[in-house]
Amino acid sequence: MRYQKLKGMVDILPGESEQWQYLEATAQRVFQNYQYHEIRTPLLEQYDVFARSSGDSSDIVSKEMYDFQDKGQRHVALRPEGTAGVVRAYVENKLFGPDQIHPYKVWYHGPMFRYERPQSGRQRQFHQIGVEALGSDRPEIDVETIAMASNFLQELGLTDYKIVINTLGDQETRQNYHQALVDYLTPLAAQLSADSQVRLHKNPLRILDSKDPQDQEIVAGAPSILDYLTTAAQAHFDQVQELLTALNINYEIDHNMVRGLDYYNHTIFEIMMTSPAFGNKEMTLIAGGRYNGLVAELGGPDVAGVGFGMGVERLLLVLQAQTHNLPQLSSPDIYLVTVDETVTVAVAKLLSQLRWAGISAERDYLAKKVKAQFKQANRLHARFTLTLGEQELAAQTAQLKRMQDGQETLVHLDDLTELIAKIKKG
Ligand code: ATP
Ligand code: MG
């Protein structure tokens, strides 16, 4: 039996995980400036948290979910996205209560699961970094999330991305638009893809998101939702744009843009990039928007929400394609070279003392010859080596060698503060 990882699943190995840590640390640092705090919710939830009683006709929920009966016959699902679980936690923990700060602002990072056809930038277990702000329907908070996403990308050294916004308006907007869209699409129904013919009855807005080229051609001539906005929806969208302009955030409007989940309304946005990593095609890195009905749908009060999720794998593909200085495997400060078996205990002791003092230190565990140990120290990019033999131990002195230029200095083994100071000095 040859064991293999499942299709669409990926191992993140040492050397790569440093890049993940860097992204997560950058997210934490940037989001903290906007006062978003980290939340960690379970990977496994009740199936209904995602499907909900209203039903979600999106592909993500209806086709791509990893759902199953657990041993207690509960219908459960691995989360396909972060928002529903965060909102479930918000409601369940009564975070809407008066003893909390509002809006309640959180960020998260972690794996998501979707049963999709794996390809570059599309996996079955992938990762998102996301944010949610719950409890305010003000346009300032829509724009805050967009600004924060943009700030995050710039912190990573990315500048040539495109921010695209649209609005899905309120319920009345969508009712009116729904009718106009059905009126437009019905005579063309026979030309739509099989999927979209089903969508025409279930959720015609979904057709705007179709990846089928023929559907896309038909969609190009569809009426615009922007012509159906109620006064209130128009005012919200106008304010979003005014704020974006005031913050010098460049954006485009795409009136045909919708989102892959049914719970969105009002402002939605995507941040896209064209990169050699995607064969110079445009890909969406970050997607989000407002979801004012979701908290109530999950049993909470009628409070508003807005947020975004970004694909970490896609972001890393972009960063790796730009000869970017991504962090690598961390190197030891010092490598202790063991001359022979007689000093192995002394080496173990010194190694331990250095590590306890906060120095990243390494030694040989394979009984290698001295020359091979130096080779290993080079491979690890150790900044210093210290060679320890019987002679050194007898004299309680040893040569500290700076690997970069070979410069050696004598250090006293009975005074670790001297050694540590020299290592720290570099
Ligand atoms: P797409 O249209 O590319 O399928 P989506 O609308 O399904 O995207 P969202 O649910 O909005 O995507 O998720 C936000 C981000 O998460 C996407 O912009 C993308 O960067 C990332 N993402 C989504 N699905 C996957 C996947 N299967 N593998 C890797 N990243 C993904
Ligand atoms: Mg998708």
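Taking other residues whose beta carbon is less than 11 angstrom from the beta carbon of PHE269, and scoring Lys, Arg as +1 and Asp, Glu as -1, yields -1.
Helix 139-155 versus the longest principal axis of the chain: what is the Cα-based angle in degrees, 0 to 90, to the nearest 10? Long axis of 139-155 versus the principal axis of the chain: about 30 degrees. Between ARG138 and ASP48, residue separation times 0.36 nm minus the direct Cα-Cα distance comes to 29.5 nm. In units of the compact-protein estimate 2.2 N^0.38 Å, the range 72-123 shows a Cα radius of gyration of 1.54. Under a crude label model (7 Å from the Cα following the beta-carbon direction), how far is SER352 from ARG122 in nanometres? About 5.5 nm, to one decimal.
Here the simple spin-label model places points 7 Å from the Cα toward Cβ, and for TYR3 and LYS371 these points are separated by 3.9 nm. The order of TRP20, TRP356 by accessible area, most exposed first and with a 1.4 Å probe, is TRP356, TRP20. For the pair LYS211 and GLN234, a Förster radius of 35 Å applied to the C-beta separation gives a FRET efficiency near 0.75, rounded to the nearest 0.05. Computed over neighbours whose Cβ is under 15 Å from that of GLN123, the net charge equals +2, Lys and Arg +1, Asp and Glu -1.
Once the C-beta distance of SER224 and LYS63 is scaled by a Förster radius of 35 Å, the resulting FRET efficiency is 0.80 to the nearest 0.05. For the chain, the longest principal axis of the alpha carbon atoms and the long axis of helix 231-246 meet at an angle near 30°.
Bridging of LYS368 to aspartates and glutamates at a Cα separation below 16 Å is possible for ASP340, GLU341, once same-chain residues fewer than 8 apart are set aside. Diffusion coefficient of the chain by Stokes-Einstein, Kirkwood radius over Cα pairs, 25 °C, 0.890 mPa s: 98 µm²/s. Rounded to two decimals, the Cα-based Rg/Rh of the range 334-425, with Kirkwood Rh, is 0.91. Cα convex hull, the range 219-258: 71 Å³ per residue, rounded to a whole number. Residues in the range 396-411, backbone N under 14 Å from the label point at THR342 (7 Å along the Cα-to-beta-carbon vector): list them, ranges by number please. Within reach of a label on THR342: 396. Annotation: Cα Rg of the range 225-305 relative to the compact-globule expectation 2.2 N^0.38 Å equals 1.29.
In sequence order, the range 125-130 has phi-based couplings of 10, 10, 10, 10, 10, x Hz under the Karplus curve 6.51 cos²θ - 1.76 cosθ + 1.60, θ = phi - 60°, and Gly or Pro positions carry x. Label separation (HIS412 vs ASP195): 7.4 nm, computed from points 7 Å beyond Cα along the C-beta direction. The trypsin sites (Lys or Arg not before Pro) of the range 177-249 that DSSP puts in a loop, and whose beta carbon has at most 10 other beta carbons within 10 Å, are LYS211.
In the range 384-426 the Cα-Cα distances spread across 10 Å bins starting at 0 as 30, 57, 13 percent of all pairs. Taking the C-alpha atoms only, the angle from helix 17-33 to the longest principal axis of the chain is near 60 degrees.
The values are calculated or read from the model by the stated rules, or taken from the named source; none is laboratory data. All values derive from a computational prediction rather than experimental measurement. In this analysis, Cβ positions are derived from the backbone assuming ideal geometry, glycine residues included, and neighbour counts consider all displayed protein chains. These accessible areas exclude ligands, DNA and RNA; they are computed on the full protein's heavy atoms, side chains included. Shrake-Rupley method; radii C 1.70, N 1.55, O 1.52, S 1.80 Å.
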